[in-house]
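The values are calculated or read from the model by the stated rules, or taken from the named source; none is laboratory data. Predicted, not measured: the structure shown is a model, and the values here were computed from it. Cβ: placed from backbone, ideal geometry, glycine included. Neighbour counts: every protein chain shown. Note: areas computed on protein heavy atoms with side chains; ligands, DNA, RNA excluded. Shrake-Rupley method; radii C 1.70, N 1.55, O 1.52, S 1.80 Å.
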Amino acid sequence: EQNGHDAVDVGSPFDYAAMARLWVPRRFPKPNEPGHPAAVGELAARCTIALGGRTFVLTTTLRVLPLIADALRGALQSKGSDAEVLVQGSQPRRALLQRFGDGRRRVLVGSQSFWEGIDVPGDALQCVLIDKLPFPPPNDPLVEARVRQIEARRGNPFNEFFVAETAIALKQGCGRLIRTETDAGLLVVCDPRLVQMPYGARLRAALPPMTALDDEARAMEWLAGLAAAH
């Protein structure tokens, strides 16, 4: 009790640096480019094959859900994989999660309702891909009202609201990956802005302290190791 009060640092029971990896593909289409959804689907297929299924793709909008799912199916077929693609909306959420959770060769593509409150512990889920940074939609009336409030007091809406909200959502998406102390996995954020833009450092700092990977070969090697241990 050196400074007059007891300080207890509970921290996290998870050893993220050892058990989890973060990969942000740098040479990747930007989210506003037309080829982005297909690139996400093709990358998800490579991850699914390396891991043997057990992969989640989380999309920030419902609009890109079928585009990513179609590209994912096509890429799996062209590589001769029999992995099954489960898509939000094709069955009730609980049924999809039950099918996914049996640990067989399946990949699940979901949007908003799959970002939080989904618990797939253990090695039934070891890879999560997020299509792009989950910024709040600027034309949403609640978002517009919040921006006006911040502007009225001469604040910075982007830093104070958009980046802060994105950090929370990103952490929720990441939370699908590591649920117990023995979980291991890979988080892929298919948005180069996370490493290229100044605000990216703030968003990365909001994530658990996962070990960063810098290229696809290392990411696939990590997944192959998880597959071998499964």
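See the values below:
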{"item": "Extension gain, GLU181 back to TYR199 (0.36 nm per residue minus Cα-Cα distance, nm)", "result": "3.5 nm"}
{"item": "Under the span-like rule (Cα at least 30 Å along the axis, Kyte-Doolittle mean at least 0.5), DSSP H helices of the chain", "result": "none"}
{"item": "Relative contact order (%) - the chain, alpha-carbon pairs under 8 angstrom, separation at least six", "result": "32 percent"}
{"item": "Dipole magnitude of segment 149-230 about its Cα centre (Cβ charges: Lys, Arg +1; Asp, Glu -1), debye to nearest 20", "result": "340 debye"}
{"item": "Virtual spin-label span in nm between ASP15 and GLU33, 7 Å along Cα→Cβ", "result": "3.9 nm"}
{"item": "Additional length obtainable on full extension of the chain from ARG105 to LEU62, 0.36 nm per residue less Cα span", "result": "13.1 nm"}
{"item": "Helical mean residue ellipticity (222 nm; -39500 (n - 2.57) per DSSP H run of 4+; nearest 500) of the chain", "result": "-11500 deg cm²/dmol"}
{"item": "Protein accessible area in the chain, 1.4 Å probe - carbon and sulfur %", "result": "51 percent"}
{"item": "Estimated FRET transfer efficiency (GLN98, ALA145; beta-carbon r; R0 41 Å; 0.05)", "result": "0.55"}
{"item": "DSSP loop GluC sites (Glu not before Pro) with at most 11 other Cβ within 10 Å excluded, longest remaining stretch of the chain", "result": "2-180"}
{"item": "Förster-model FRET efficiency, 30 Å R0, ASP119 and ASN156, C-beta, rounded to 0.05", "result": "0.25"}
